[in-house]
1. Filtering region 58-71 down to residues that are in contact (Cβ under 8 Å) with a residue 60 or more places away in the chain and not aliphatic (A, V, I, L, M), which residue is surrounded by the most Cβ atoms within 10 Å (Cβ to Cβ)?
2. Would you check if there is a residue in region 97-104 being touching a helix residue (DSSP H, G or I) at 6+ places or on another chain (Cβ under 9 Å) and surrounded by 13 or more Cβ atoms within 10 Å (Cβ to Cβ)?
3. Only one of (1) outside the structural domain of Glu80 (by TED's automatic domain parsing); (2) of a type in the set (A, V, I, L, M, F, W, C); (3) in contact with a helix residue (DSSP H, G or I) (Cβ under 7 Å, 6 or more places away or on another chain); (4) at pLDDT 50 or above fails for Ala200. Which number is that?
4. Test Val7 against the criterion of being under 27 Å from Arg216 (Cα atoms) and either surrounded by 13 or more Cβ atoms within 10 Å (Cβ to Cβ) or of a type in the set (S, T, N, Q) (or both), and give yes or no.
5. Could you count how many residues in region 42-53 are of a type outside the set (A, V, I, L, M, F, W, C), surrounded by fewer than 19 Cβ atoms within 10 Å (Cβ to Cβ) and assigned to a helix (DSSP H, G or I)?
6. From the list Ala50, Ala25, Ala68, Ala73, which one is in the same structural domain as Ala113 (by TED's automatic domain parsing) and under 17 Å from Asp210 (Cβ atoms)?
7. For region 31-39, indicate whether the set of residues that are surrounded by fewer than 18 Cβ atoms within 10 Å (Cβ to Cβ) and either in the same structural domain as Ile206 (by TED's automatic domain parsing) or closer than 27 Å to Ile104 by Cα (or both) is non-empty.
8. Looking at (1) touching a strand residue (DSSP E or B) at 6+ places or on another chain (Cβ under 7 Å); (2) among the hydroxyl-bearing types (Ser, Thr, Tyr); (3) touching a residue at least 24 places away in the same chain (Cβ under 8 Å), which is the one condition that is false for Tyr74?
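The values are calculated or read from the model by the stated rules, or taken from the named source; none is laboratory data. Keep in mind that this is a model prediction, so the values were computed, not measured. Cβ placement follows ideal geometry from the backbone for every residue including glycine, while neighbour counts extend to all protein chains displayed.
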Amino acid sequence: MDSNDRVSLYVLGLSYSQLQSGAYALILAESDGPRRIPVVIGPAEAQSIAIVLEGIRTPRPLTHDLFASFAHAYGIKLTEVFIYRFEDGIFSSEISFTDGKRDITIDSRTSDAIAIALRTHTPIFTTEEILRRTGFVIKDEEMSRDVPEVESFDEAESRMDDDRDASSPPSAPCNPFGPGVESHNDTPRPENYTIEQLEATLAELIESEDYEEAARISEILSRKKAARGDDGDNAACE
């Protein structure tokens with residue numbers, strides 16, 4: 001294949017899929033252009049990718065961590081992930097390796113390939129044809145990796161809560177005593193936790209290996225810490 005036909009991509013973020021219930025859309029972005037590719041993936045793969053994007057340290061390695069560690073231990077370098085085909089709504093990918101003497105390419109699910117690529121800092125490519133067929137452009141979007149216009153796990157959950165609230169009575173006020181403490185009100189939303197409560201919740205989620213929820217709590221915690229210098233964070237309910 002002509003190298004000029006290859007397009008470099010990077011992972012922009014994850015969004016809750018509007019097409020399939022319980023699935024997520026992995027958003028891949030053109031490195032030097034405005035086009036985006038949505039790849040529908042399952043919750044387990046989304047969780048594995050979110051762990052890397054959120055910088056969460058797990059107490060034990062996940063399958064993709066184990067794969068990356070195995071390759072590193074035996075001196076095998078991942079050279080690229082290549083999304084080479086799009087057919088019947090499915091992206092086909094392959095991963096290329098080298099041990100310094102042999103170059104080997106194996107087939108892979110795109111979600112697995114991306115999860116491994118993020119852990120090994122491996123470049124991701126696709127073809128210009130696939131990008132033309134599946135890509136989209138967000139108008140007036142800032143072309144910066146630092147400000148991704150992609151819905152996060154937290155935003156997706158909040159949106160789903162809003163949809164449920166529209167057809168149900170208003171919820172009771174949040175519990176000012178924090179998570180795990182009984183009160184006459186419903187359990188408070190994590191957005192209303194203090195930083196200390198969020199940190200404790202995050203530690204419990206990682207310990208129980210609920211990494212998808214841990215990624216959501218980690219994102220809320222990061223926002224709270226960023227805002228603490230301006231607004232303070234002394235109350236459980238805001």
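1. Pass one, region 58-71, residues in contact (Cβ under 8 Å) with a residue 60 or more places away in the chain: 58-60, 62.
With not aliphatic (A, V, I, L, M) added as a condition, the list becomes 58-60.
Details: Thr58: 14, Pro59: 8, Arg60: 7.
It comes out as Thr58.
2. So far as region 97-104 goes, yes, one or more of its residues are touching a helix residue (DSSP H, G or I) at 6+ places or on another chain (Cβ under 9 Å) and surrounded by 13 or more Cβ atoms within 10 Å (Cβ to Cβ).
3. (3)
4. In short, no.
5. 1
6. Numbers: Ala25 fails: under 17 Å from Asp210 (Cβ atoms); Ala68 fails: under 17 Å from Asp210 (Cβ atoms); Ala73 fails: under 17 Å from Asp210 (Cβ atoms).
Exactly one residue qualifies, and that residue is Ala50.
7. Yes, there is a match, as at least one residue in region 31-39 is surrounded by fewer than 18 Cβ atoms within 10 Å (Cβ to Cβ) and either in the same structural domain as Ile206 (by TED's automatic domain parsing) or closer than 27 Å to Ile104 by Cα (or both).
8. Failed condition: (1).
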